[in-house]
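The values are calculated or read from the model by the stated rules, or taken from the named source; none is laboratory data. Predicted model, so just to flag it, every value in this text is computed and none were measured. Every residue, glycine among them, receives a Cβ derived from its backbone with ideal geometry; neighbour counts consider all protein chains shown. The area values use the complete protein model at the heavy-atom level, side chains included, leaving out ligands, DNA and RNA. Shrake-Rupley method; radii C 1.70, N 1.55, O 1.52, S 1.80 Å.
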Amino acid sequence: MITKTTMAMFGLAASGLLAGCTETLDSKQLRTGGISATLEATAESESSTSLKATLKAGGDESNTYVILSAGDRISATADGEEVEMSAESQGVYVAQFDVGAGDTEFKVLLDRADDDDAPGNAGTLPDPFELEALPKDPVPRGEEITIAWAPSGSGDDMVIRVDGDCIFSKTFDVGGDTGTYTIDADELEATSSQEPESCDVDLVISRTRKGKTDNALDPESSFELSQVRGGRFTSAP
């Protein structure tokens, strides 16, 4: 017989399993080569860039986050300014800069008290751009919509993401930076086919290039630098 006590024990066990999905490890327990750093610089304007460093043990898809301890620290520099990155959450460190111009170089330095430092993480921002105004009138999902921006001619990767309550979220890999991309008719799929609705859709477009990471880190480390702009339109049945 399954009693209330047994059910409660099952619930506690399930909660324990869910809690165990994310683990942490002190950096003093790791060599530098065991730390995978996922570095992201995101500029939302020519005067604002946020930098995030996610540190993990066991590769970039691991669920074990590395907490810097015992004198280990991480900092970032841009445009002659050095900032010590602060912990946003366990294993995630952030910094904010008042710069966002194209070709601004960002560096991330991991200083270890008792092992090899990793100062050779660097990359430059792609050129900023402006997203042309999106349609003010609702756009039926059975019609195409063209997104336009100022192309850079640099070959940086462009990606568009759309999110809305009445459509399934979708990401479009634009490929080359041509300055336009057309979302074809019926590519935006309604979440309900029986009672389709209208809703505001947030569109975010990113221009991204890759930087380099220090050879002392885990080979799965990465550094991406992006210019990100957004807009909104109404999607209709």
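Numerical summary
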read-out: Top of T64, T49, T124 by mean-square fluctuation, Gaussian network on the chain, Cα under 10 Å; value: T64
read-out: Surface/4 estimate of mean projected area, convex hull on alpha-carbon atoms of the stretch 45-162, nm²; value: 10.7
read-out: Straight-distance crosslink candidates among aspartates and glutamates, where the alpha carbon sits under 14 Å from K170 and sequence neighbours closer than 8 are dropped; value: D184, D186, E187, E189, D202
read-out: Solvent-accessible area, 1.4 Å probe, carbon plus sulfur percent, for the chain; value: 47
read-out: Positive-end residue of S193, S27, Y93, charge dipole of the chain with Cβ unit charges; value: S27
read-out: GNM top mover of Q227, Q90, Q194 - the chain, alpha-carbon springs below 10 Å; value: Q194
read-out: The chain: most fluctuating residue of G142, G59, G33 per GNM, C-alpha cutoff 10 Å; value: G142
read-out: Rel. contact order, % - alpha carbon contacts under 8 angstrom, at least six apart, the chain; value: 22
read-out: Rh by Kirkwood over Cα pairs, then Stokes-Einstein D for the chain at 0.890 mPa s and 25 °C, µm²/s; value: 120
read-out: Alpha-carbon spread of the stretch 149-237, three principal axes, descending order, Å; value: 55, 30, 17
read-out: Members of K107/K136; K56/K107; K28/K107 lying beyond 30 Å, as alpha-carbon distances in this model show; value: K107/K136
read-out: Expected 222 nm ellipticity per residue - DSSP helices of 4 or more, -39500 (n - 2.57), all of the chain, to 500; value: -2000 deg cm²/dmol
read-out: Residues of the stretch 65-139: accessible area per residue with a 1.4 Å probe, Å²; value: 50
read-out: Against the rule of thumb 2.2 N^0.38 Å, how large the Cα Rg of the stretch 187-237 comes out; value: 1.91
read-out: Equivalent ellipsoid, the stretch 32-93 (semi-axes from 5 times Cα gyration tensor eigenvalues, Å); value: 23, 14, 10
read-out: Values of log10 I(q)/I(0), in the order q = 0.29, 0.30 Å⁻¹, for the stretch 96-155 under a Debye, Cα-only, solvent-free model; value: -1.19, -1.22
